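All of the numbers you see were taken from the coordinates with simple rules; none came from a lab. Remember, predicted model here, so these are calculated numbers, not experimental data. All Cβ positions, glycine included, derive from the backbone under ideal geometry; neighbour counts span all protein chains shown.
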Amino acid sequence: MARHGENIRKRADGRWEGRYQAYSEKKERIVYRSVYGRTYQEVRERVIIEKSSLIQSVKVGITKEILFSDAARDWLVGVKKTKKPSTFVKYTLIYNNYLEKSFGNISLHKIPDHVAEKIFVRTLSDSVQKSIRCVLNQVLKSASRKYSIPMINLDVPPLPQIHKPVEILTRGEQACLFSALYYETDIFKMAVILCFYTGLRLGELCGLKWSDIDFTNKILRVSRTVQRLYVEGQENKTALIETMPKSEFSNREIPLPDNVLELLSRFQNEEEYVFGGHKPVEPRTMQNRFRKLTREAGLQDKNFHILRHTFATNCVEEGTDVKSLSEILGHSDVRITLNRYVHPSMETKRRHIDALSVFYGQICGQAN
């Protein structure tokens, strides 16, 4: 049992054991180390000596001027090993574009609070500022663990949470678009129709293979996504990368209706990918074709992701329970579905209020 809140206990063999934290270069994380003795006081003194030794080594390290750039590079190595390629690319670009110039040549223990404020400027979007703050804090947290130094707290006020309304296609816009989709339907129009019925993300759609579609059991399986990412050292700078979906919850099965399966079967061939043939179709190509299609339907330019928003909203308005919809969309939490993708139209709200009026009328009739 530990005494006085210290991590010191008496073992079954009669010895006292004291434990303390230290950074392990081999394991690249904080671990516990132990010292032993015949008495509590002996072990306590040994723990103090070991901790003092660690503190002294940290001071020596700090005098050697551990730069923020060094800590950032170490952290990015870990990110590359443990995160998706898209996450690594995003964090690398954030560091190169916004943090390296402000912090790169500054030693960790000299980063003052006011320096952080210089990189958060009004011309940057809330999303970029949030990413900068995330990378900055993660680098400092990693450095704190690796070099056994206290956490450096930068006083950066949090950004206000602004929930912008997400755009969806109105019923009228959907009708116009469907008219264009079912007129001389080609493989790209088929892709849009599929999104109307499944809510697939653009990258998931572009990476879809014929082997992912089970015509017998009427199921579409999502197991990959594709996106164009920056590749360091490559001549063309970017490459089309096929990776796992956005999260573990994005690996999912989506039921398909008979009319969609019948339409899909018309385009089935021996190629590997449904919409790209022998390789995935470029997401940018799909986006450009969609914009062209919306113009042909008499609509203003729309982002491809509007199909996902519209799908989710249509499902809710038709009575789909949120849990089922959340799993179809590949969300980790139903709150994401409710807060981000479900946007009842004024027609739906009016229908609910009219129904309430009828309900109240029945109550009044019973009272009379």
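With θ set to phi - 60° and the Karplus curve 6.51 cos²θ - 1.76 cosθ + 1.60, what are the ³J(HN,Hα) couplings of the stretch 319-324 in order, to the nearest whole Hz, using x for Gly and Pro?
Couplings: x, 5, 5, 5, 5, 4 Hz.
In sequence order, what are the phi-derived ³J(HN,Hα) couplings for the stretch 353-361 according to the Karplus relation 6.51 cos²θ - 1.76 cosθ + 1.60 with θ = phi - 60°, rounded to whole Hz, with x for glycine and proline?
Once θ is set to phi - 60°, the couplings for the stretch 353-361 become 5, 5, 5, 5, 4, 5, 4, 5, x Hz.
Take the Cα coordinates of the stretch 220-340, assign each an equal point scatterer, and use the Debye formula without solvent to give log10 I(q)/I(0) at q = 0.13, 0.18, 0.19 Å⁻¹.
Rounded to two decimals, the profile gives -0.73, -1.34, -1.42.
Sequence-distant or interchain residues sharing an amide H contact under 5 Å with ARG252, placed H: which?
When sequence neighbours closer than 5 places are left aside, the close amide H contacts are VAL222.
Near the amide H of ARG228, under 5 Å away, which other amide H atoms are found, from residues 5 or more places off or on another chain, if H is placed in the peptide plane?
Result for ARG228 returns ILE241.
Obtain the nm distance between the two label points defined at GLN21 and LYS130 by a simple spin-label model: each point lies 7 Å from its Cα along the Cα-to-C-beta direction.
2.9
Please list the non-local residues whose amide H lies under 5 Å from the amide H of LYS279, H modeled 1.01 Å from N, same-chain partners needing a gap of 5 or more.
For LYS279, the qualifying residues are TYR273.
Express the relative contact order of the stretch 184-232 as a whole percentage, based on alpha carbon pairs under 8 Å and six or more residues apart in sequence.
Relative contact order here is 30 percent.
Let me check I've understood the local charge: for ARG38, count other residues with C-beta under 15 angstrom from its C-beta, Lys and Arg +1, Asp and Glu -1. What total comes out?
+2
Let me check I've understood the local charge: for ARG221, count other residues with C-beta under 11 angstrom from its C-beta, Lys and Arg +1, Asp and Glu -1. What total comes out?
-1
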